[in-house]
Amino acid sequence: MDRNATKRAIVVGASSGIGMEVAKLLLSDGWHLGIAARREEPLLTLKAKAPDHVEVMTLDVTQPDAGERLQSLIEKTGGMDLYFHASGIGKQNRALETDIELRTMETNAVGFTRMVDTAYRFFAKQGEGHIAAITSIAGTKGLGPAPAYSATKALQATYLQALEQQAHQSGLNIRFTDIRPGFVDTALLSGDFKYPMMLRPEAVAHDIVGSIYKRRHVRVIDARYRVLTFFWRLIPNWIWRRMKL
């Protein structure tokens, strides 16, 4: 990607955490940004840093009009070369409360599909583009403490892989980057439970932007988690189902 040319990126889920940090880095690299999330105030705070280079749109990926609002943001931004999807929720749910599971599915599965499909169709018409999205190492295997979260993260990774194959077979110049972080110190993992090997969102964002520039297909962040997921995949199911998490 030519970092000297003016590029236009849309970041959905830019109001906090990794999404906000990635938006800041792209802005500092000279990108013109369209940023979106449910909460407008943090978006306006980011826009205030560079009013002429940031466009704002409030949207909720679980709502039917989210795709139309994304299209409106693309128009406000003057186009789109990169779509970065950082929107997502997750929570441990050992009691299997239905509301938690369904809200996770609506955001991470239905909402994700709605937004990524909208970006894909735009790039297919444009002739080129780059879709990058945060999935998770949690999609490596089904996690009993967080069933919907791990399941939707596996769905996201598989969906991106399927779209990449479809784009290639259709002769479309659409690139994909599947970002799979380990545990990141954001509001998503706030609470009493202390997660091991926590990563700083700023460091994760730097890795993500570098991976986008290098056009990586899949990026597990960081090296410790790359080792962990390698061995994680090798655990037989008869052992996995007996492991206490």
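The values are calculated or read from the model by the stated rules, or taken from the named source; none is laboratory data. All values reported here derive from a predicted model rather than from experimental measurement. For neighbour counting, all protein chains shown are included, and Cβ atoms are generated from backbone atoms with ideal geometry for every residue, glycine included. Heads up: the accessible areas ignore ligands, DNA and RNA and are worked out on the full protein's heavy atoms, side chains in. Shrake-Rupley method; radii C 1.70, N 1.55, O 1.52, S 1.80 Å.
You will find that of 79, 171, 129, 111, the residue that is out of contact with any Cys (no Cβ under 7 Å at 6 or more places or on another chain) and under 26 Å from residue 199 (Cβ atoms) is 111 and no other. Regarding region 77-94, can at least one residue be identified that is out of contact with any helix residue (DSSP H, G or I) (no Cβ under 6 Å at 6 or more places or on another chain) and in a helix (DSSP H, G or I)? Within region 77-94, one or more residues are out of contact with any helix residue (DSSP H, G or I) (no Cβ under 6 Å at 6 or more places or on another chain) and in a helix (DSSP H, G or I). From the list 35, 74, which one is in contact with a Phe, Trp or Tyr (Cβ under 7 Å, 6 or more places away or on another chain) and open to solvent by less than 40 Å² (accessible area, probe 1.4 Å)? Matching residue, one of 35, 74: 74.
Does residue 2 satisfy the condition of being at pLDDT below 95 and either within 13 Å of residue 84 (Cα to Cα) or open to solvent by 60 Å² or more (accessible area, probe 1.4 Å) (or both)? Considered against the rule, which asks whether it is at pLDDT below 95 and either within 13 Å of residue 84 (Cα to Cα) or open to solvent by 60 Å² or more (accessible area, probe 1.4 Å) (or both), residue 2 comes out as yes.
The residues listed here are 80, 115; of these, the one that is within 19 Å of residue 153 (Cβ to Cβ), open to solvent by less than 20 Å² (accessible area, probe 1.4 Å) and not β-branched (Val, Ile, Thr) is 115.
Residues checked against (1) in contact with a Gly (Cβ under 6 Å, 6 or more places away or on another chain); (2) under 23 Å from residue 13 (Cβ atoms); (3) assigned to a helix (DSSP H, G or I):
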{"site": "207", "(1), (2), (3)": "no, yes, yes"}
{"site": "219", "(1), (2), (3)": "no, yes, no"}
{"site": "228", "(1), (2), (3)": "no, no, yes"}
{"site": "239", "(1), (2), (3)": "no, no, yes"}
{"site": "242", "(1), (2), (3)": "no, no, no"}
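Restricted to region 143-166, and to residues there that are within 16 Å of residue 183 (Cα to Cα) and outside any helix (DSSP H, G or I), the residue that is most open to solvent (accessible area, probe 1.4 Å) is 143. Annotation note: Cβ proximity below 9 Å between a residue of region 94-123 that is farther than 18 Å from residue 75 by Cα and among the aliphatic types (A, V, I, L, M) and a residue that is modelled with pLDDT of 95 or more and in a loop (DSSP other than H, G, I, E, B) (sequence gap 6+ or interchain) occurs for 110/61; 110/62. Among the residues of region 5-28, those identified as assigned to a loop (DSSP other than H, G, I, E, B) and open to solvent by 50 Å² or more (accessible area, probe 1.4 Å) are 6, 7, 16. Take the conditions (1) under 27 Å from residue 210 (Cβ atoms); (2) modelled with pLDDT of 95 or more; (3) open to solvent by 40 Å² or more (accessible area, probe 1.4 Å); (4) outside any helix (DSSP H, G or I); residue 131 misses just one of them, which is (3).
If you go through region 29-41 and keep only what is without any contact (Cβ under 8 Å) to a residue 40 or more places away in the chain and either of a type in the set (Asp, Glu) or in a strand (DSSP E or B) (or both), you end up with 35, 36, 40, 41. Going residue by residue through region 41-50, is there one that turns out to be closer than 18 Å to residue 111 by Cα and buried (at least 20 other Cβ atoms within 10 Å of the Cβ)? Among the residues of region 41-50, not one is closer than 18 Å to residue 111 by Cα and buried (at least 20 other Cβ atoms within 10 Å of the Cβ), which makes the answer no.
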